[in-house]
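A quick write-up on the structure given underneath.
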Amino acid sequence: MTDPDVPTIRQVVLDTTDARALAEFYRELFGLAYRAGDEPPSPGAPDPRGTDWLVLRNPGGVPLAFQQVAALPPSTWPEDGVPQQLHLDATVPDVAALDRQHERALALGARLLLDRSDDPEEPLRVYADPAGHPFCLFVG
């Protein structure tokens with residue numbers, strides 16, 4: 001039962017220097033759909049929404065939003081410098097699915113940061129999305 005006096009998370013917002021490109025990355029990776037009105041325009045048409053704010057709906061989960069910013073230093077995690085600050089965790093059912101999603105993530109533009117796919121307790125991989133935000137895919 002939800003306590004009406006406690007806030008509810010509405011969405012997770014990721015800053016990015018290219019809202020449309022990052023939204024497209026996560027739309028493809030997680031199989032999400034745009035909020036009505038946020039869909040990409042026809043080829044060659046202006047994309048004013050794509051230079052400001054976009055939302056991807058996530059049936060049964062928390063939506064992802066993308067906010068355009070002028071500059072964004074990518075996380076340098078696991079090295080020192082710029083910390084993660086926030087990251088997304090996503091699960092797959094087994095190691096075979098983890099391997100399939102690894103190939104998909106790389107093909108979509110992710111960069112592998114850490115590979116613990118051989119960990120018998122919690123197989124996982126950590127990636128950076130095209131804007132540099134870390135995210136994890138793990139078996140769970």
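The values are calculated or read from the model by the stated rules, or taken from the named source; none is laboratory data. Bear in mind the structure is a predicted one, so any value in this text is a computation, not a measurement. In this analysis, Cβ positions are derived from the backbone assuming ideal geometry, glycine residues included, and neighbour counts consider all displayed protein chains. For the accessible areas, the whole protein counts, side chains as well, though only heavy atoms, and no ligand, DNA or RNA atoms are used. Shrake-Rupley method; radii C 1.70, N 1.55, O 1.52, S 1.80 Å.
Here are some notes:
- The criterion of being touching a residue at least 12 places away in the same chain (Cβ under 8 Å) and under 19 Å from Thr16 (Cα atoms) does not hold for Val139.
- The stretch 87-136: number of residues that are in contact (Cβ under 8 Å) with a residue 60 or more places away in the chain and closer than 20 Å to Pro74 by Cβ: 11
- Selection of the stretch 40-73 for residues being open to solvent by 90 Å² or more (accessible area, probe 1.4 Å), part of a loop (DSSP other than H, G, I, E, B) and in contact with a helix residue (DSSP H, G or I) (Cβ under 9 Å, 6 or more places away or on another chain) yields only Asp52.
- Within the stretch 102-112, not a single residue is of a type in the set (Gly, Ala, Ser), modelled with pLDDT under 95 and in contact with a helix residue (DSSP H, G or I) (Cβ under 9 Å, 6 or more places away or on another chain).
- Sole exception among (1) open to solvent by less than 50 Å² (accessible area, probe 1.4 Å); (2) on the phi < 0 side of the Ramachandran plot for Gly37, by number: (2)
- Taking the stretch 78-90 as the range and being touching a strand residue (DSSP E or B) at 6+ places or on another chain (Cβ under 7 Å) and either open to solvent by 70 Å² or more (accessible area, probe 1.4 Å) or modelled with pLDDT of 95 or more (or both) as the test, the residues that pass are Pro78, His87, Asp89.
- Any chance Pro93 is at pLDDT below 90 and surrounded by fewer than 18 Cβ atoms within 10 Å (Cβ to Cβ): no
- Close pairs (8 angstrom Cβ cut-off, 6 or more residues apart or separate chains): over 15 Å from Val12 (Cβ atoms) in the stretch 37-62, open to solvent by 60 Å² or more (accessible area, probe 1.4 Å) and charged (D, E, K, R) anywhere: Gly37/Arg49; Asp38/Arg49
- Residue selected from the stretch 16-26 under the condition buried (at least 18 other Cβ atoms within 10 Å of the Cβ) and touching a strand residue (DSSP E or B) at 6+ places or on another chain (Cβ under 8 Å), by the criterion modelled with the lowest pLDDT: Thr16
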